[in-house]
1. Answer yes if at least one residue in region 78-100 is surrounded by 14 or more Cβ atoms within 10 Å (Cβ to Cβ), within 13 Å of the chain's Cα centre (by Cα) and over 21 Å from residue 22 (Cα atoms), and no otherwise.
2. Just wondering, is there one or more residues in region 86-103 that are modelled with pLDDT under 95, under 25 Å from residue 167 (Cβ atoms) and in a helix (DSSP H, G or I)?
3. Among the residues in region 170-180, are any within 20 Å of the chain's Cα centre (by Cα) and part of a helix (DSSP H, G or I)?
4. Can you tell me how many residues in region 195-211 are out of contact with any helix residue (DSSP H, G or I) (no Cβ under 7 Å at 6 or more places or on another chain) and surrounded by fewer than 15 Cβ atoms within 10 Å (Cβ to Cβ)?
5. Scan 117, 132 and give me the residue that is touching a strand residue (DSSP E or B) at 6+ places or on another chain (Cβ under 7 Å), touching a residue at least 12 places away in the same chain (Cβ under 8 Å), under 23 Å from residue 17 (Cα atoms) and in a helix (DSSP H, G or I).
6. If a residue must be more than 23 Å from residue 95 (Cα to Cα), at pLDDT 95 or above and assigned to a loop (DSSP other than H, G, I, E, B), how many such residues does region 50-76 contain?
7. Which residue is farthest from residue 65 (Cα to Cα), if the candidates are limited to region 11-31 and must be assigned to a loop (DSSP other than H, G, I, E, B) and at pLDDT 90 or above?
8. Conditions first: (1) closer than 30 Å to residue 181 by Cα; (2) part of a loop (DSSP other than H, G, I, E, B). Residue 80 passes all but one, so which condition is the exception?
């Protein structure tokens, strides 16, 4: 039994959550995303981006927001990131969240740890609200987001056309922190990584992942 537990422990230790590297991780992350583009209406994107295009997308997003990847051994199995909700100044404290997992890593608890870590980082930056849109039908994503504390706030009906059908998008909201007066401007990603609380958040994520 001790031998079995030791083997399981060593296997679990090979999971890691970290910030994305736009150059070395772009191809692997794109491979996670690609089946959703080609085979589903979960994303409304039609064409698979080139690796170069995806690298530029990552660089643009990570200038402002954290983008996390989870890997097992040397293979990325899922990712989550924040992004702009709107561009008017009054929206500065609101972000959107996105998460994708390889299909064989669904329902293993990794997505929840990725999201909890992302929300901790967004909160540390100074974001107060986080939103996400779920293209329908997608019961798994609806249930997942509701389990993460999101509340449904509306639905855009028949807003996206893909794979021969018109699709609704259900919108969810989660409050990350208190709605105070005169909130400070959210930190950029570069400032986030130098914050004293950044490393404890990442350490907790990897401890939770390997329990």
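1. no
2. yes
3. Scanning region 170-180 turns up no residue that is within 20 Å of the chain's Cα centre (by Cα) and part of a helix (DSSP H, G or I).
4. Of the residues in that region, 6 qualify.
5. Working: 132 fails: in a helix (DSSP H, G or I).
Just one listed residue meets the conditions, 117.
6. Residues in region 50-76 being more than 23 Å from residue 95 (Cα to Cα), at pLDDT 95 or above and assigned to a loop (DSSP other than H, G, I, E, B): 1 in total.
7. Applying the filter and picking the extreme gives 24.
8. Unmet for residue 80, out of (1) closer than 30 Å to residue 181 by Cα; (2) part of a loop (DSSP other than H, G, I, E, B): (2).
The values are calculated or read from the model by the stated rules, or taken from the named source; none is laboratory data. As the structure is a prediction and not an experimental result, all values here were calculated from the model. When we count neighbours, we look across all protein chains shown, and the Cβ atoms used for this are built from the backbone with ideal geometry, even at glycine.
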